[in-house]
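Colleague: One structure, as structure tokens, below. Some questions next.
The values are calculated or read from the model by the stated rules, or taken from the named source; none is laboratory data. Keep in mind that this is a model prediction, so the values were computed, not measured. Neighbour counts are summed over all protein chains in view; Cβ atoms, including those assigned to glycine, are modelled from backbone coordinates with ideal geometry. Each accessible area value is taken on the protein alone, full model and side chains, heavy atoms only, with ligands, DNA and RNA left out. Shrake-Rupley method; radii C 1.70, N 1.55, O 1.52, S 1.80 Å.
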Amino acid sequence: MSSDMTQLRLLAINNYFYRRGGAEAIFLDHMSLFEDIGWQAIPFAMQHPENLPSDWSQYFVSEIEYGRESSALTKVKQAAKVIYSREAQQNLSRLLEAAKPDIAHAHNVYHHLSPSIFATLKQHNIPVVMTVHDLKLACPAYKMLVDGHVCEQCKGGRIYNVVANRCIKGSLPLSGLVFVETAIHRMLGLYRNKVDRFVVPSRFYREKLIEWGWPQEQLIYIPNFVETDHLKPVYEAQDYLLFAGRLAPEKGLKTLITAAEKSGVKLVIAGTGPDEAELKALAAELNVPVIFAGYVTGEKLHRLIGEARALVLPSEWYENAPVSILEAYALGTPVIGARIGGIPEMIRDGETGLTAEAGNAEDLAKQLSHMAALPVAERNAMGLAGREWILNEFSADAYRNRMLELYGTLGVSA
């Protein structure tokens with residue numbers, strides 16, 4: 001229990017302390033949810049120019065930003081810190097003395113803070129929870145993906161495959177580093193023995209981790225949530241279907257553009273990424289009416305989603321629990337998703353959206369055509385059914401209550 005009986009203290013841990021992606025959104029919103037009920041939320045992260053201000057930033061770990069120094073040699077020089085950060089341990093120890101948290105909840109820590117911090121938290125007898133945002137606990141390369149295809153070759157401890165397949169950016173040194181990192185973390189039991197419970201946002205990821213040897217009692221299914229106050233179905237649908245996200249090979253965008261050509265639907269693609277030039281060339285070659293909207297965020301993105309006939313997620317990898325699906329539902333927009341990873345469990349087929357076989361342009365074209373041809377009233381009913389579903393099952397209150405119940409099982413309760 002806390003030394004201050006009136007206020008419980010949550011230590012919230014993540015590499016970055018700003019809204020960088022989906023994991024950061026959940027991390028920051030999680031902190032806010034607990035502050036709303038009177039907890040003190042204390043962040044521990046890496047220093048970064050875009051970080052939000054914090055009274056605790058003096059304890060943050062010095063910055064490692066791979067994107068700025070891209071040579072493989074530089075990255076390998078940082079190897080020791082990537083694998084086991086003594087600095088993170090020392091800074092965290094000082095923070096624990098000052099803050100005396102009741103429980104620690106981690107999100108993404110590898111490559112920056114490193115899981116060395118879990119050993120420090122255990123030494124201080126602090127219960128540790130970690131949200132699983134990807135498949136790093138099983139797959140050294142964290143996506144179960146190689147050359148754009150799902151890969152499970154490392155199953156059963158065969159992690160040498162990360163080197164054999166050069167899974168990290170096609171680089172032998174980087175893949176070798178991640179192999180060593182994974183071997184050391186497993187040998188030291190930094191995840192398995194130092195983290196009390198893993199929060200898994202999709203049933204698919206939970207089953208996949210159990211399949212790869214994780215004890216099921218350590219894995220707690222708690223779905224992601226979305227704040228709906230600022231997301232309301234106030235838009236009138238236009239004549240396009242929308243993809244919003246990173247333009248990367250595993251997102252299935254070549255399949256989507258091919259499907260759009262077969263179905264004749266109008267497509268808007270919002271986002272940037274490594275495949276952008278190739279996708280534009282494909283759209284031009286097939287003469288598909290695709291609008292590439294570039295990077296869109298905030299109100300402009302909400303309008304794009306809210307006015308779309310549907311949000312399309314044609315993924316070809318094991319997605320976890322995309323928050324974009326919840327945002328679409330909150331805005332009254334149905335979803336067309338690939339039947340892969342955690343996507344299908346977030347779509348009630350025919351009720352809140354439609355599903356298609358992953359990587360199958362013919363099947364996806366059929367679903368795009370079906371959605372485009374739906375009468376406005378039916379399409380709206382689908383979107384509103386999605387909104388009703390998330391207000392009950394994927395709300396901030398439901399998430400916080402499940403989390404409080406979990407914390408209670410670890411001896412932390414008001």
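Colleague: Per residue, how large is the accessible surface of the chain? Use a 1.4 angstrom probe and give square angstrom.
Modeller: Solvent-accessible surface per residue comes out at 42 Å².
Colleague: Could you check which residue among His124, His30, His133 shows the biggest mean-square fluctuation in a GNM of the chain with a 10 Å Cα cutoff?
Modeller: Maximum fluctuation in the GNM of the chain, among the listed residues, is at His124.
Colleague: Among Glu97, Glu211, Glu24, which one shows the biggest mean-square fluctuation in a GNM of the chain, springs joining Cα atoms closer than 10 Å?
Modeller: Glu97
Colleague: With the full set of protein chains in place, find how many percent of the accessible area of the chain is carbon and sulfur; take the probe as 1.4 Å.
Modeller: Roughly 50 percent, rounded to a whole number.
Colleague: Would you kindly find the accessible area of Arg402, with a 1.4 Å probe and non-protein molecules such as ligands, DNA and RNA excluded, rounding to the nearest 10 Å²?
Modeller: That residue has around 70 Å² of solvent-accessible surface.
Colleague: How far apart, in nm, are two points set 7 Å out from the Cα along the Cα-to-Cβ line at Asp55 and at Ser171?
Modeller: So the two model labels end up 4.0 nm from each other.
Colleague: Could you work out which residue, out of Pro334, Pro201, Pro49, moves most in a Gaussian network model of the chain, that is, has the largest mean-square fluctuation with Cα springs under 10 Å?
Modeller: Fluctuation is largest for Pro49.
Colleague: Compute the distance from the alpha-carbon center of region 180-249 to that of region 348-414, in whole Å.
Modeller: 15 Å
Colleague: So what is the orientation-averaged projected area of region 241-394, using the convex hull of its C-alpha atoms, in nm²?
Modeller: Result: a mean projected hull area of 7.8 nm².
Colleague: Under a cut-off of 21 Å between alpha-carbon atoms, report the lysines in cross-link reach of Lys155, not counting same-chain residues fewer than 8 places apart.
Modeller: Of all the lysines, those that pass the test against Lys155 - Cα under 21 Å, at least 8 places apart if same chain - are Lys136, Lys143, Lys169, Lys208.
Colleague: Which order, highest average first, do 336-345, 14-23 follow once you tally other Cβ atoms within 10 Å for each residue and take the mean per peptide?
Modeller: 336-345, 14-23
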